[in-house]
1. Counting only residues that are without any contact (Cβ under 8 Å) to a residue 24 or more places away in the chain and either acidic (Asp, Glu) or surrounded by 12 or more Cβ atoms within 10 Å (Cβ to Cβ) (or both), how many does segment 1-12 have?
2. Of all residues in segment 25-83, count the ones that are touching a residue at least 12 places away in the same chain (Cβ under 8 Å) and of a type in the set (S, T, N, Q).
3. Specify the residue that is nearest to ARG69 (Cα to Cα); the eligible residues are those in segment 13-36 that are of a type in the set (Gly, Ala, Ser) and surrounded by fewer than 12 Cβ atoms within 10 Å (Cβ to Cβ).
4. Considering segment 43-74 alone, what residues qualify as being modelled with pLDDT of 85 or more and either touching a Gly at 6+ places or on another chain (Cβ under 8 Å) or more than 18 Å from ASN19 (Cα to Cα) (or both)?
5. State yes or no: is LEU83 of a type in the set (A, V, I, L, M, F, W, C) and either surrounded by 15 or more Cβ atoms within 10 Å (Cβ to Cβ) or modelled with pLDDT of 85 or more (or both)?
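The values are calculated or read from the model by the stated rules, or taken from the named source; none is laboratory data. This one's a predicted model, so the numbers in the text were calculated from it and none came from an experiment. Using ideal geometry, Cβ is built from the backbone for each residue, glycine included, and neighbour counts are taken over all protein chains shown.
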Amino acid sequence: MEPIRTNTYLTVIASMMVNAVVFGFGAIAILSIPALAEYMKFLLPAWIVFSFVVAPFIAKRIAPRMRLRYWRRREEQREARTL
């Protein structure tokens, strides 16, 4: 069995955090708009599913930036431009 790559671990960790933020954003919007009160029992579960589906894709974009070598390479490029 092949070991799990570091990017996969970072994606899973970032996905959990992104899921919480996306869910919180939508839940606050749904619960705070009075016009949506009668549709709340349908919108909130739909938003939960949406946040679970969208979170891994957003996390996949964030995960490479969580690695030190990304920032090291970026710093080297910045120094090369200033010289």
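1. Residues of segment 1-12 that are without any contact (Cβ under 8 Å) to a residue 24 or more places away in the chain, as a first pass: 1-5, 8-9.
Of the ones still in play, those that are also either acidic (Asp, Glu) or surrounded by 12 or more Cβ atoms within 10 Å (Cβ to Cβ) (or both) are 2, 8-9.
Matching residues across segment 1-12 total 3.
2. So the answer is 1.
3. The extreme case among them is GLY24.
4. Answer for segment 43-74, where residues must be modelled with pLDDT of 85 or more and either touching a Gly at 6+ places or on another chain (Cβ under 8 Å) or more than 18 Å from ASN19 (Cα to Cα) (or both): TRP47, PHE50, SER51.
5. The answer is no for LEU83.
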